[in-house]
Structures are given as C-alpha cells and as structure tokens.
Amino acid sequence: MGFWDAFKRWRLAQKGLSSGKKRRVYDVEERISSLLGNALWIHWLLSAVFVICFTLLVVNQEPSSTLAGQEAKSACASIALSLTALMMIRMNHRDLLRKNGVLLLLLGGVLLHVVLVRLISYWVDLNGMQVQYKLLLIPFALAPMVHSVLLGRRAGTFSAVFVSMAGTLLVPSDEVIVYLITSLACGIAVVMLTSRVRKRVQLLRAGIYAGALALLFTILFGKVLHLDRMPQTTQMMSDGTMFVVAFSVGFITALIVSGLLPLLEGAFSLTTNISWLELADLNHPLLKQMQLNAPGTFHHSLVVASLAESAAEAIGANAALCRASAYFHDVGKLKKPEYFIENQSEGMENPHDLLTPTMSALVIIAHVKDGVDMALKHKLNHRIIDAILEHHGDSMVFYFYRKAQEQKALEQDKVGRGLENVEDLPQIDDKNFRYPGPRPRSKETGILSLADAIESASRSLKKPNPIKIRGLVDDIVKSRWIDGQLDDCTLTLRDLTRVKESFAATLRSMMHSRISYNKSEEGSDRKSSGGKSAADTALGRQILSPATSATASDVSPS
C-alpha cells in the first residue's frame, strides 16, 4: 500500500496536481495490533484457534505422556483447561481484551511455551537421555518473562500458572508433581524479578535465577543420578553437566527474550520501560536542539520530568513513561522559543508586546500542534505524541484572556465617553483562548499535565516555604479538577492525594531557601564556629531560621 500511494503521488506530481509529498498525520502505523483492531469476531476467532491448537497438542501425545492413549480424556482435559484460561482472562484481565493484538500475544506466547515443552520432552525421550535433563532443558521462564515485561505482572502470573497446568498433561505421570512445582516456582520468580525492568541485565539475572531454581527442585525431588549406579568420576561429571545445562538454559532464555523484545514491541505497539529509558536519552536530536535554542524550556522539561516521575512512582503509574513524555512535551516551543517567557532573558524585548492578546494566545497554543508535527517527523512513540496533545487538555490561556478582557474594558470606557463606536468593540471568543485538547486520557498524561502547571506556577513564588508550596500545589490541582481537565483520566481521589504530596515534597527539595551573608562576616563566622566554614555556619542558621510567608503572583504564559 505504501508503494502504491507513493506511485500515485508521483503521477499527480507529473501532472502538476500535487507536490509529491505526503502530509504527516498522527496515526498508529499498520502493525499487527492495528491490523487486528478490536473487532469482536477476531477476538472469538483467536479464542477458538487457541482452544483447537491446544487440544490437538494434548491429544496427540507421546507414549510416555500422562494421558497417552486416552484421547477422550485428553480432549476433555485440554478443552476444560483452555476454556478456564479464557474465562480467567475475561474475568481478571479485561484490560488485555481491549486489543486483539495483545490477546494474540498472550495466547500465542503460552501456546508456544507449551509447544516447546512438548518438543523438548519428545527429543529427550527419543535420545534416551536421563529424566533430569528433560526438566533442566525446559525454558520455564520464557512465556512468563515475555508477558511480565510487555504486559505487566498480572499477565506474567497468568502465563506462569497456565503453562504449569498445561505441562502436567504432557509429561509422564511420575514427573507431574516435580514439573508443576518447578514450573510455578520459576515462573513466579521471573515475574517478580521482571515486573519493573529498567535494564536488560535484569532479564539475564532473572533467567539465571530461574535456572538455579530448576536445578534446586530437580535435586530436592531426587531426579539425580545415584552414586551407587556409577563411578565417582562419572557422577561428578554428570553433576557438573547438570549445573551447566540449568544455568545455560536460563541464560539463553533471557538472551532470546531480550533480543525479541524490540520486535514484539514494534509488532504489537507496546513499549517497555527499557525502551522508555532509551528514548529519554538527552542526546536525542530534539533534546539537543532544545538545549541550544530553548534552554529555558529544556530546564523546565527537566524539572517537570522529576516532578512527574516521583508522582508516578507514588501511585504505581509508569514512571519511565512520565519522564520520557516530560522531556518532549514542550518540544513544539522550538518553532518560536522567544515567545515563551522561560526563554526570554533580561533586557530582551517581549515579542508579545507587539501582538494582540488573541494573536499571542494563538502563538502559545500553536506549540502543541508544532510539537506533534516535530514528533511525527522524528518518529517518536505514539504515547509521547499523546502526551504532547493532552498535557494542556482544553484548558484556557488565562494570562492573555484576562489581558483581552482588560483591553475590551478600556474600549468600552472610550465608548461611554463617546470616543469609540460600539461596532468597533473587539469580540472575545473563549474558544480562541483554549487549547484544542483532548484532555488527559491516562494516569501518566494526567500527572504530566499537573506537573507542567505546577512547575510553571512555582516560579512566581517569593521566598518559598513548605506552607506556600503545599498551598500552590493544592490550588493548581483543585483548579484543574474543577475545570474538568482530569475527568477523562483514571486518577482517583486517593491518587490525587498522593500526587499532591509527591509534588510538594519534590518542590521543597528543589526550592529550599538559603541564608545570605556578607563577605565581611565570613572571617568572624570562621572564628566563632571554631574553624568551621561560613557555609557550615549558614547551614546551622538556616535550620534555626523561621519560615517566611508570601503570596504567589499570577503565572506568565509558558
């Protein structure tokens, strides 16, 4: 389709009917998840295929399997287990059913895991290997690790439980207990170790721990060669081989998962914390450009990132996503950096002095559209683009709105004195002073919206202290809540309470007051403090000094 579209644009350009360029639009690329969509019939088709494939896998077993030669029992057991799994997903994991691509990843992952268990069992039996190698060669961590990293801890736990139950239908009856306990232990351990992965080395560590647990349970259940059956040298070699196999399988499983993650993320439109941290690299071209051309905006983004990340951690939201989104949320200001107050230096002429309030508001509001355009050009993640679109919601640019009302009041005064005609009065439309939206639709963008407003307002605080900071945070959050900016996100009142506490604590650590002293006092401070530095003495005074109070002024546009 992409080639055909390019060809049609070329033909139109030849006729002079097109420039030959394609306009960038904000839309998710055609990947597996977007192709499958959320159609109900595809959901039922995937479920039916899963039940059929799992049933065929269990019915056609090897002679050594638990239900070998009992096709009716095998079919009933497999159908019952697969339907139970689907019901568990429907009851406890409804968020996974919103996209058929995610459902395909979940069901396909556990089915592939079960297929590997079947193939490894068949290969071990075919080569006449000892039973302990069958248990040690099974990659118990595969499906739980993939689903835990990509879909979360609950999905990883579901995978660990299902593949453990499914494997009991494929292994010999005398190995059912040891397989079930080993698989559950390894799967749950991997889920616990990979629920908040921020570095790829954590995957390797989880894989090695899974191999260690598999070896431990193999030894505890007596699935080892006995000393009375072979010479001591042979026994030592066998034990060494078991250690190498167990840790190698866990390590290789983690390596495979680490290599597959980028492919799975791209195919199913998912993003892990590892990718968010890679995207938050300050050497990104857009961020480097912001450091040079809009240093005030860059510093503002760094502070917003710290506020949003801490608040997200307080309520269990995605902190890495909040940090990456905060870095790029104001990237549209690069188009006209001098029109934003944080980039204006002392003595610099304010370009808004030459514009009407309506035009100034349009310039300020346009940074959202410009940011989306730049994000599309640099192929940023669609969640980042959502954050750029939603971080202001449909809120109003109050500074220029009030300025427009003041100008209208002056014009009305002139009309009252007969200096102006009523027809010449400017019309003020609220829509011209509101951002296009949409409002924040997730916890992360809701937190980012609040952090952005609070950081901008905190610059107006004179002599900040804990009381002023907490009052500012409460006022901003309350005004956003009353304005309806948080109606579409999933932040609860309890979440907002924790978010406010986090914002206040972070701001206190950033804006702590300092005590000034004269140079003439430095020598006396050193003598009176017994050789201590003036900074140490000042620190003691700071601790003992009482807090001051002041009121915050109105916020300038930023």
Which of the peptides 154-164, 39-49 is most tightly packed, and how do the rest follow, going by the mean number of other Cβ atoms within 10 Å of each residue? 154-164, 39-49
Past 25 Å, Cα to Cα: identify those pairs from K288/K431; K335/K431; K336/K377; K408/K463; K199/K500, in the order given. K288/K431; K408/K463; K199/K500
Report the gain in length on full extension from L292 to S173: 0.36 nm times residue separation, minus Cα-Cα distance, nm rounded to one decimal. 36.0 nm
Only counting other Cβ atoms within 10 Å, I'd like I188, I274, I454, I252 sorted with the fewest neighbours first. I252, I188, I274, I454
Which order do the peptides 473-479, 97-103 come out in when sorted by mean C-beta neighbours inside 10 angstrom, highest first? 97-103, 473-479
With a Förster radius of 60 Å, plug the Cβ-Cβ distance of L180 and W481 into 1/(1 + (r/R0)^6) and report the FRET value to the nearest 0.05. 0.75
Ranked on Cβ counts within 10 Å of their own Cβ, fewest leading, M510, M396, M91, M145 go M91, M510, M396, M145
Tell me the label-point distance for the pair K408, T241, using the 7 Å Cα-to-Cβ offset, in nm and rounded to one decimal. 8.7
How far apart, in nanometres, would the label points at A75 and N60 be if each is projected 7 angstrom from Cα along the Cα-to-Cβ direction? 1.5
Please give the peptides 427-433, 455-461 ranked by average Cβ packing (other Cβ atoms within 10 Å per residue), highest first, as a rough proxy for protection. 455-461, 427-433
Here the FRET efficiency for D353 versus I467, based on Cβ atoms and R0 = 51 Å and rounded to 0.05, is 0.90
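Laboratory data are not the source of any read-out in this text; all were calculated from the coordinates shown. All of these numbers come straight from a predicted model, not from anything done at the bench. For neighbour counting, all protein chains shown are included, and Cβ atoms are generated from backbone atoms with ideal geometry for every residue, glycine included.
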